[in-house]
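> Questions regarding the structure given below will be posed in turn.
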């Protein structure tokens, strides 16, 4: 088992959250609240009513849990690559595109068990538009922080409430992480000069950014459904009976285009976030595997 990938993925993921969280807040609000009509309008409204703090609501728990989820994603991915190459009877040989795709999908699905509780808390706090800066005459926020939100969900909806939206989360992250790792490896291959084992750091940054955008292109529709199911019933009467009913009602009320309304901001956020994630990951991997018989990072196990 390659423990280095768990450690490097953990730290890389946490750095990515810190970079992209403000845009993630804007994205979630656009997906779930009709009062926000676009990226700029949402950003301006959030800043004017809630200040800079409004963009970082619910960040504490994701920064903590993303270390675990990114660790699971990168660790599962790397170890699945090794297992698949062994099953093929060629341990240590370059992995095929299919093996990279399947390993990425396995990593995305594997993280759901640890990601779902933190994700629903993040979404609930991000969609809490009331400002704590206001006077007594204004509505007070329902949740006072990540821990209070977590305990409130368990008290009101049971432990299973923490896993609301887990199905679309799985349908989002399985295909999107498969696309993510396949794109990263493919772009790195294109940017690797003859005679070298991998691209330079500018190539790693470009490949990470493009991989992030590709992954979100695949995952955005399910991300919309996930966010709506997670918010359903948090403030008012429940609207959706389940996963398929949420899809049908969303299309009926707003049209199929709503599934890609937040794609632009996902792209905008994904490029810098995943540049940071992969550069951090590769730097740490190079240190953690600095041994004579080290196994190279995922991008170098690609034919």
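The values are calculated or read from the model by the stated rules, or taken from the named source; none is laboratory data. None of the values given here were measured: they were computed from a predicted structure. Note that we place each Cβ from the backbone using ideal geometry, even for glycine, and neighbour counts take in every protein chain shown.
> Test each condition in (1) surrounded by 15 or more Cβ atoms within 10 Å (Cβ to Cβ); (2) on the phi < 0 side of the Ramachandran plot for residue 165 and report the one that comes out false.
(2)
> Kindly list, by first and then second residue, each pair from a residue in segment 114-141 that is at positive phi and modelled with pLDDT of 60 or more to a residue that is surrounded by 15 or more Cβ atoms within 10 Å (Cβ to Cβ) and assigned to a helix (DSSP H, G or I), limited to pairs with Cβ atoms under 7 Å and residues at least 6 apart or on different chains.
none
> Which one is modelled with the lowest pLDDT, of the residues in segment 228-259 that are outside any helix (DSSP H, G or I) and either surrounded by 13 or more Cβ atoms within 10 Å (Cβ to Cβ) or under 23 Å from the mean Cα position of the chain (by Cα) (or both)? I'd like the intermediate steps shown before the answer.
Taking segment 228-259 as the starting set, the residues that turn out to be outside any helix (DSSP H, G or I) are 232-242, 255.
Next cut, either surrounded by 13 or more Cβ atoms within 10 Å (Cβ to Cβ) or under 23 Å from the mean Cα position of the chain (by Cα) (or both) only: 232-234, 239-240, 242.
Working: 232: 87, 233: 79, 234: 76, 239: 89, 240: 91, 242: 91.
The extreme case among them is 234.
> Out of 64, 69, I need the residue that is surrounded by fewer than 19 Cβ atoms within 10 Å (Cβ to Cβ), at pLDDT below 85 and closer than 24 Å to residue 127 by Cα. Which one? Explain how you work it out, then say what you get.
Numbers: 69 fails: surrounded by fewer than 19 Cβ atoms within 10 Å (Cβ to Cβ).
Residue meeting the stated conditions: 64.
> Go through the residues of segment 162-180 one by one and say whether even a single one is under 27 Å from residue 107 (Cβ atoms), out of contact with any helix residue (DSSP H, G or I) (no Cβ under 6 Å at 6 or more places or on another chain) and either modelled with pLDDT of 90 or more or part of a helix (DSSP H, G or I) (or both). Break it down into steps so the answer makes sense when it comes.
The initial filter retains those residues of segment 162-180 that are under 27 Å from residue 107 (Cβ atoms), namely 162-180.
Next cut, out of contact with any helix residue (DSSP H, G or I) (no Cβ under 6 Å at 6 or more places or on another chain) only: none.
The answer is no; no qualifying residue exists.
> Would it be correct to say that residue 98 is within 22 Å of residue 219 (Cα to Cα), in a helix (DSSP H, G or I) and without any contact (Cβ under 8 Å) to a residue 24 or more places away in the chain? Don't jump to the end; show me each part of the working.
On the way: within 22 Å of residue 219 (Cα to Cα): yes; in a helix (DSSP H, G or I): yes; without any contact (Cβ under 8 Å) to a residue 24 or more places away in the chain: yes.
Yes: the conditions hold for residue 98.
> Scan segment 152-161 for residues that are assigned to a helix (DSSP H, G or I) and either at positive phi or in contact with a helix residue (DSSP H, G or I) (Cβ under 8 Å, 6 or more places away or on another chain) (or both) and report the count.
Selection size over segment 152-161: 3.
> Quick check on my filter: what residues within segment 86-113 are surrounded by 18 or more Cβ atoms within 10 Å (Cβ to Cβ) and at pLDDT below 90?
95, 111, 112
Rundown of residues vs (1) surrounded by fewer than 22 Cβ atoms within 10 Å (Cβ to Cβ); (2) farther than 19 Å from residue 283 by Cα; (3) free of Cβ contacts under 8 Å to residues at least 24 places away in the same chain, yes/no style:
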position	(1), (2), (3)
20	no, yes, no
31	no, yes, no
37	yes, yes, yes
41	yes, yes, yes
51	yes, yes, no
73	no, no, no
78	no, no, no
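> Let me ask something else about it. From 148, 144, 193, which residue is surrounded by fewer than 18 Cβ atoms within 10 Å (Cβ to Cβ) and assigned to a helix (DSSP H, G or I)? Please lay out each step first, then the result.
Working: 144 fails: assigned to a helix (DSSP H, G or I); 193 fails: assigned to a helix (DSSP H, G or I).
It is 148.
> Checking residue 122 against (1) closer than 30 Å to residue 187 by Cα; (2) surrounded by 20 or more Cβ atoms within 10 Å (Cβ to Cβ); (3) within 14 Å of the chain's Cα centre (by Cα), which test does it fail?
Evaluating residue 122 over (1) closer than 30 Å to residue 187 by Cα; (2) surrounded by 20 or more Cβ atoms within 10 Å (Cβ to Cβ); (3) within 14 Å of the chain's Cα centre (by Cα) leaves (1) as the failure.
> With outside any loop (DSSP other than H, G, I, E, B) and within 28 Å of residue 148 (Cα to Cα) as the only criterion, which of 76, 65 stands out? So that I can check it myself, show each step before the final result.
On the way: 76 fails: within 28 Å of residue 148 (Cα to Cα).
It is 65.
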